[in-house]
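Some notes on the structure that comes next.
Each reported figure results from applying straightforward, stated rules to the coordinates on display, with no laboratory input. Everything numeric here is computed off the predicted structure, so don't read it as measured data. For neighbour counting, all protein chains shown are included, and Cβ atoms are generated from backbone atoms with ideal geometry for every residue, glycine included.
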Amino acid sequence: MNKHVEIRPEGRTIVVPEGTTILEAALAADVAYPHGCRSGRCGSCLSRLISGKVLHLEHSRFALTDEQKTQGMFLACRAMPETDMVAACGGDIRAFTSPAIRRLQYRVEAIETLTHDIKRIQLAASGAELLAFDAGQYARLTFPSAPPRDYSMASRAGSRELDFHIRRVPGGTVTEWIHTALKLGDPVVVEGPLGSSYLRTRHAGPILCIAGGSGLAPIQAIVEAAIAEGMRQPIHVYFGARSNADLYLVAHFQRLAKIHPNLTFTPVLSDDPPQSLWRTGWVTDAVAADHPVLEGWKAYVAGPPLMVESAMRVCREGRLSPEDLHADVFFTPDMASVAL
């Protein structure tokens, strides 16, 4: 049976069919509901129950704690209404003004090897309309004869070209094809923008960016957009990788840091020996050691689920406000069913 959900402060009431999450119904009704991973891992769609009852589906305990549940919080992407209900978005939904979602034709303009398992794929618009997006958002790409996959833009908004960093996932049908068979000129359908882990340009406090692997893509877009916007507060970028062979764009970020003294870039390698050129250990441990107190900061996190969850824990322990944490979780299709 359908349920009716009033979403505040927007003031709209949506119909949620049985078996559908609140976020799915909201997006289908063209409500610009803040969201990110859509799998219960990032916490971007954290909301508050005002009245009614909600069924919690499986989710990360870092995105929604048991204590938050007792306070009436839920994740819109992992919640189904059991009754008619009234809910409030965790942030100000009126401030979430993502560009309208479009489905556009692009073609492969360039292919570049960044590491042994990450390629930069550059797409150029086939027509006059360009994909409008904010730095940090992602798009759904459909390559020839392949199912759609979500990838974050590394390029700045407004460009005719879109850059993506795509890691080869062992056994991954789409990424294996991209790394072995994709060629220049191939058509690609781009649908977006998606996600709410975008740069908040009105924020005046320090900025923390944590990237793991190809999660550097949206972090690159966020950092370069912040610089272009003239944001002069401290920006600390931490890049976690397994070994030196997994690092990329180091020289690029080092050049940016020389030009812009408010920017620092810190690679952290988990598998390299202590005598490594870079810091070693877990990237989130490095963040916690350097910045134990994060009140008044904004944090942007992108990468694999375990790293994102660890970063969320570090931010919470550093007293970062939940609405100041924006996460982009990189997961493969088989990881999308949240068994946590």
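Spin-label pair Gln105-Val189: with each label point 7 Å from Cα along the Cα-Cβ axis, the two points sit 1.2 nm from one another. Kirkwood hydrodynamic radius of the stretch 207-335, from the reciprocal of the average inverse Cα-Cα distance over all distinct pairs: 14.8 Å.
Per-residue ellipticity at 222 nm from helix content only, as computed over the chain with -39500 (n - 2.57) for each DSSP H run of at least four residues, stands at -5500 deg cm²/dmol. Of the residues Asp324, Asp271, the one with the fewest other Cβ atoms within 10 Å heads the list, and the complete ranking is Asp271, Asp324.
Applying a 4.7 Å Cβ-Cβ cutoff to the chain, the cysteines left without a disulfide-compatible partner are Cys45, Cys77, Cys89, Cys209, Cys315. Seen from all directions on average, the chain presents a Cα convex hull projection of 17.1 nm². Between Ala29, Ala257, Ala128, the GNM of the chain built on Cα springs shorter than 10 angstrom shows Ala128 fluctuating the most. Spread over its residues, the convex hull of the C-alpha atoms of the stretch 3-95 is 81 Å³ per residue. In terms of other Cβ atoms within 10 Å, Ser145, Ser155, Ser126 run from fewest to most in the order Ser145, Ser126, Ser155. Here His116 and Ser145 are evaluated by their C-beta separation; at R0 = 35 Å the FRET efficiency comes out at 0.85. Applying a threshold of 30 Å to the alpha-carbon distances of Lys69/Lys298; Lys183/Lys258; Lys3/Lys69 flags Lys183/Lys258 as lying beyond it. The label point for Ser126 and the one for Glu176, both projected 7 Å from the Cα toward the Cβ, are 2.7 nm apart. Along the axis of the charge dipole computed for the chain (Cβ charges of +1 for Lys and Arg, -1 for Asp and Glu, origin at the Cα centre), the listed residues Ala181, Leu269, Phe253 are led at the positive end by Phe253.
Computed on the chain, with alpha-carbon pairs under 8 angstrom and 6+ residues apart, the relative contact order is 16 percent. Note on the stretch 54-138: dipole from Cβ charges, positive end direction compared against Gly127, His56, Val86; the farthest Cα belongs to Gly127.
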